[in-house]
Amino acid sequence: MTFSGRHVISIADFSRGDILTVINAARAIEMQSAPRTELVGGKLMATLFFEPSTRTRLSFEAAMQKLGGRVIGLSDAASTSTKKGESLADTIRMIEQYADVIVIRHPRDGAARLASEVSRVPIINGGDGGNQHPSQTFLDLYTIAKLYPALLDGSAPLTIAFAGDLRYGRTVHSLLTALCHFRVKLVLVAPRGLEMPAEYLQQAAAVGMDVSEAPNLQDAIAQADILYMTRLQEERFPDPLEFDHIKASYRITAHMLSDARQSLRVLHPLPRINEIAIDVDQTVHAHYFAQAGNGIPVRQALLGLVLGVLI
Amino acid sequence: MTTDPPTATNTKVRQVEAIVHGTVIDHIPGHMTLKVANLLARENDQVSIGMNLRSARMGRKGLVKISGRELDERTLSRLALIAPGATVSIIRDYQVIHKSTVPMPKTFEDIARCANPNCVTNHEKWSSRLDVIGHEPLHVRCFYCERSFAASELTLV
């Protein structure tokens, strides 16, 4: 399916072939030593952020500017006419008059899909409530594929461990959906009550993915090529004492990684709070900042593809 | 010419009185019978309700008869959501002229609210869209927020 003019709303909308197209485009952009400022010259991207998310907005803005495009935007809902009661659909109908592509972040689940039904220019979902954040998933996949090219050719199955809040963490849900297109073994480790929801386990089972649960973080570390950490949120725990206890058992330290495979890499969508100790940063395993950096070529790729300047 | 009303001698004994013209909704899961009657009946409709009737297929079932009216497509969609598997018979002049299981749409558009309180369709003036992803029991997924629900969790619009 051609990308030109396409909306980027949910990772579930993308086939394996689509995902490979994005990864290959990101790789090609990253391998260019000179900035490709001619690519989208004259095109305008609107960032429509109804809730603050500095890193996602900056990453999209940096990506667009590196492609030679220009950026206009709203960084919070307080400055938009939704405060005056304007509907989301009308806001989109107005912004599409100005821009060639719109990146939207919105606190309501499904807002980006609604926007895509209204807009004639491509909508890129920069996060809709607790639902989807597809550019994060593409950059996660790109990061894993850069570390382990075997992900794409399937020559050797990778073992990927997800740890932390697997129930509410949208990044691990979307990543699981995307990984269903590839040959991986999944290891899950989560506090009781925050396990991966059944519908995602069914998705994995439907494609024959090998999914197992690890009893603790240390056990997951021993098996994994990739350890994908997520944040534990205090509001998910009714009992603050329980949160303190769980928080301690879902924190990795440099010491815990001493027996890990040398090739193990730790990923995290960031920001981290307590779940990765600072001393992990100095180990060969820390890869979360490089992962965030991959957001630029991946978002350049997405923008270039939907604007029709990359094929 | 009007056909004579059915009697015990010209038909099997009915558990709920026959109607001349209208719609009979049969094989309603017992606990949904009053809900179906409330959903379908308009203010001046003449409605007969049978509850806990004997059924070879279901053990016990509910039945609702509405005199003088046939159901439109939207009403049938609402019925499909709350009583999938029910049968709908169109009665004209005491005769069943059409009988079928309530048609199950692939998508319910603006029939029920998404059960996710944070779904954008519960905050904007925008129609809900719930795609059927499973039967027995009926499950749907919101096209917008991508959450899945059992039909029993939904509230009709």
Which listed residue, of A:GLU275, A:GLU199, is of a type in the set (Asp, Glu), outside the structural domain of A:ILE23 (by TED's automatic domain parsing) and open to solvent by 40 Å² or more (accessible area, probe 1.4 Å) = A:GLU199
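Residue-by-condition table, conditions (1) closer than 18 Å to A:PRO122 by Cα; (2) more than 14 Å from every other protein chain (Cβ to nearest Cβ); (3) modelled with pLDDT under 95:
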position: A:GLY5; (1), (2), (3): yes, yes, no
position: A:ASP13; (1), (2), (3): yes, no, no
position: A:ILE19; (1), (2), (3): yes, yes, no
position: A:GLN32; (1), (2), (3): no, yes, yes
position: A:PHE49; (1), (2), (3): yes, yes, yes
position: A:THR56; (1), (2), (3): yes, yes, yes
position: A:GLY73; (1), (2), (3): yes, yes, yes
position: A:LYS84; (1), (2), (3): no, yes, yes
Any residue in region B:69-77 that is buried (at least 16 other Cβ atoms within 10 Å of the Cβ), within 14 Å of chain A (Cβ to nearest Cβ) and either in contact with a helix residue (DSSP H, G or I) (Cβ under 8 Å, 6 or more places away or on another chain) or over 20 Å from B:LEU39 (Cα atoms) (or both)?
-> no
Can you pull out the residues in region A:1-51 that are part of a loop (DSSP other than H, G, I, E, B), of a type in the set (A, V, I, L, M) and surrounded by fewer than 18 Cβ atoms within 10 Å (Cβ to Cβ)?
-> A:MET1, A:ALA34
Can you name every residue in region A:223-245 that is in a helix (DSSP H, G or I) and under 25 Å from the mean Cα position of the chain (by Cα)?
-> A:GLN223, A:GLU234, A:GLU235, A:ARG236
Hits in region B:61-86 - residues which are touching a residue at least 40 places away in the same chain (Cβ under 8 Å) and either more than 8 Å from the chain's Cα centre (by Cα) or not assigned by TED's automatic domain parsing to the domain that holds B:ASN44 (or both) | B:LEU63, B:VAL64, B:LYS65, B:ILE66, B:SER67, B:GLY68, B:ARG69, B:GLU70, B:LEU71, B:GLY85
Within region A:61-146, which strands (runs of 3 or more DSSP E) (wholly inside it) include 3 or more residues that are in the same structural domain as A:LEU302 (by TED's automatic domain parsing) and open to solvent by 20 Å² or more (accessible area, probe 1.4 Å)?
-> A:70-74
Does region A:297-305 contain any residue that is closer than 23 Å to A:THR253 by Cα, assigned to a helix (DSSP H, G or I), within 18 Å of the chain's Cα centre (by Cα) and not hydroxyl-bearing (Ser, Thr, Tyr)?
-> no
Do we find that A:ASP128 is within 23 Å of the chain's Cα centre (by Cα), within 11 Å of chain B (Cβ to nearest Cβ) and among the acidic types (Asp, Glu) in this structure?
-> yes
B:THR33 fails exactly one of (1) more than 20 Å from B:PRO105 (Cβ to Cβ); (2) surrounded by 12 or more Cβ atoms within 10 Å (Cβ to Cβ); (3) at pLDDT below 90, namely (3)
Among the residues of region A:168-187, which ones are without any contact (Cβ under 8 Å) to a residue 60 or more places away in the chain and either of a type in the set (Lys, Arg) or surrounded by fewer than 22 Cβ atoms within 10 Å (Cβ to Cβ) (or both)?
-> A:ARG170, A:CYS180, A:ARG183, A:LYS185
Hey, A:GLY308 touching a helix residue (DSSP H, G or I) at 6+ places or on another chain (Cβ under 8 Å), within 30 Å of A:LEU44 (Cα to Cα) and either in a helix (DSSP H, G or I) or in contact (Cβ under 8 Å) with a residue 24 or more places away in the chain (or both) or not | no
Scanning region A:202-237 residue by residue, those surrounded by 15 or more Cβ atoms within 10 Å (Cβ to Cβ) and among the β-branched types (Val, Ile, Thr) turn out to be A:VAL211, A:ILE221, A:ILE226, A:THR230
Mind listing whichever residues of region A:240-291 are touching a residue at least 60 places away in the same chain (Cβ under 8 Å) and of a type in the set (D, E, K, R)?
-> A:ARG265, A:GLU275
When residues of region B:132-149 are filtered for being within 12 Å of chain A (Cβ to nearest Cβ) and either surrounded by fewer than 21 Cβ atoms within 10 Å (Cβ to Cβ) or assigned to a loop (DSSP other than H, G, I, E, B) (or both), how many remain?
-> 11
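The values are calculated or read from the model by the stated rules, or taken from the named source; none is laboratory data. Remember, predicted model here, so these are calculated numbers, not experimental data. For neighbour counting, all protein chains shown are included, and Cβ atoms are generated from backbone atoms with ideal geometry for every residue, glycine included. In case anyone asks, the SASA skips ligands and DNA or RNA and just uses the protein heavy atoms, side chains included. Shrake-Rupley method; radii C 1.70, N 1.55, O 1.52, S 1.80 Å.
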